[in-house]
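Structure first, commentary second.
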Amino acid sequence: MLERWEYAEPGQRPRSEYRLTAKGRDLFPALMALSQWSERWDPAPEGPAARLTHGRGRPVRVILSADQKDVGLSLYDLGIAAGPGARRLQRE
């Protein structure tokens, strides 16, 4: 579901980046639905760790639809930004 990509910024040590594969991109709506469920039933006091938006900052949510005219969004249509509950990971 993830592919590791090696890269190095000029003058920096080599690093790894992890990108979703096609299988991981297909799983993303399910992960979003779980996140949406968690925000409803067990919200973090400081707020969500991430904000997903579309277009001019409109929030995104997962829904079920039987309307064939509905157009789904792809992962590439979304903006992902740190939310109020985001925290920097501490290295051990």
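Just so you know, all these numbers are worked out from the coordinates, no wet-lab data involved. Because the structure is a prediction, the values reported are computed rather than measured.
Against the set (1) -0.61, -1.26; (2) -0.72, -1.38; (3) -0.46, -1.29, the structure's computed log10 I(q)/I(0) by the Debye sum over Cα atoms at q = 0.14, 0.26 Å⁻¹ falls on (2). Each residue of the stretch 48-57 is assigned a 3J(HN,Hα), and the resulting list reads x, 6, 9, 10, 10, 9, 9, x, 8, x Hz, derived from the Karplus form 6.51 cos²θ - 1.76 cosθ + 1.60 (θ = phi - 60°), x at Gly and Pro.
Here the sum of -39500 (n - 2.57) over DSSP H runs of 4 or more residues, divided by the residues of the chain, equals -7500 deg cm²/dmol at 222 nm, to the nearest 500. Applied to the stretch 8-18, the Karplus parametrisation 6.51 cos²θ - 1.76 cosθ + 1.60 on θ = phi - 60° returns per-residue 3J(HN,Hα) values of 9, 6, x, x, 10, 6, x, 9, 10, 10, 10 Hz, with x for Gly and Pro.
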